[in-house]
Amino acid sequence: MTVLETIRKRYSCRVYQEKAIEREKLDSILEAARLAPSARNMQDWRFVVVTDSNTKRQVAETTNKPDAFDKAGAIIAACSNSNYVMRCGQAIGPIDVAIALEHICLQAAELGLGTCWIGSFDPEKVKRILGIPDDITVIELMAVGYPADSRPQPRRESIERIACYEKWTF
Ligand SMILES: Cc1cc2nc3c(=O)[nH]c(=O)nc-3n(C[C@H](O)[C@H](O)[C@H](O)COP(=O)(O)O)c2cc1C
């Protein structure tokens, strides 16, 4: 599969089979995260992979779709331990973690797994459930699992609407 084919295959999966994910597949998506670029190569991301059904249910209950996400084989809590701000004024934590998470999404898609980014969750509750220290920020959750739905037609803007060459022409 080409990279673009894998990108086209990915979608936000919100219906999962209640099926465990093989350890090699989890290891392989974590390897994809590990190889992601990060500002100053700081790699200040940490990932807690939750597969235990009781813990997964508790984490899912902090989200807006508990009955969907608790069926996923895993919920990954993607964390950052960096407060570093780049010269451009942007914090690296959410950016670096987002890149690594998208690597996870694409590698999962390649392996036939569905994923869903979850920004609608309670980070303080997640920290308590998973024993994450106070100085660590939970940036996002990500559901990963065998899909029980299929990819809808993506709704996206045209390239002309989102990009231009040389000068701002919007
Ligand atoms: C940063 C971020 C946070 C998101 N949070 C949620 C969420 O909390 N719950 C959810 O169901 N989908 C969430 N999504 C999924 C988006 O709704 C989805 O990516 C978008 O509608 C495009 O659809 P697609 O992913 O199927 O292409 C999130 C996506 C991103 C990138």
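Please treat every number below as a calculation from the coordinates, not as lab data. Nothing here was measured: the structure is a model prediction, and the numbers come from that model.
Here are some notes:
- Eligible aspartates and glutamates near Lys9 by straight Cα distance, threshold 17 Å, same-chain separation 8 or greater: Glu102, Glu110, Asp149
- Across segment 126-134, computed HN-Hα scalar couplings (Karplus, 6.51 cos²θ - 1.76 cosθ + 1.60, θ = phi - 60°) run 4, 4, 5, 4, 9, x, 7, x, 4 Hz from first to last residue, x flagging Gly and Pro.
- Remark: segment 92-108, residue by residue, has Karplus-estimated 3J(HN,Hα) of 7, x, x, 5, 4, 5, 5, 4, 4, 5, 5, 4, 4, 4, 6, 5, 4 Hz, where x stands for each Gly or Pro and the curve is 6.51 cos²θ - 1.76 cosθ + 1.60 at θ = phi - 60°.
- Based on the reciprocal of the average 1/r between different C-alpha atoms, the Kirkwood radius for segment 76-170 equals 16.1 Å.
- Backbone phi angles across segment 158-164, fed through the Karplus curve with coefficients 6.51, -1.76 and 1.60 (θ = phi - 60°), yield HN-Hα couplings of 6, 4, 4, 6, 10, 9, 9 Hz in residue order; Gly and Pro are listed as x.
- Taking amide H as placed 1.01 Å from N in the peptide plane, the amide H of Ile76 sits under 5 Å from that of Val50, Met142, Ala143, Val144, each at least 5 places away or on another chain.
- Here the contact order of the chain, divided by its residue count and restricted to Cα pairs under 8 Å and six or more residues apart, works out to 33 percent.
- Selected from Ser158, Ser80, Ser150 as most flexible by GNM, with the chain as the system and alpha-carbon contacts under 10 Å: Ser158
- A Stokes-Einstein calculation at 4 °C with viscosity 1.567 mPa s, built on the Kirkwood radius of the chain over Cα pairs, returns a diffusion coefficient of 76 µm²/s.
- Treating each Cα of segment 20-59 as an identical point scatterer and summing with the Debye formula, the log10 of I(q)/I(0) at q = 0.18, 0.19 Å⁻¹ comes to -0.64, -0.69.
- The alpha-carbon of Lys125 sits under 27 angstrom from the alpha-carbons of these lysines, leaving out residues fewer than 8 places away in its chain: Lys19, Lys56, Lys65, Lys71.
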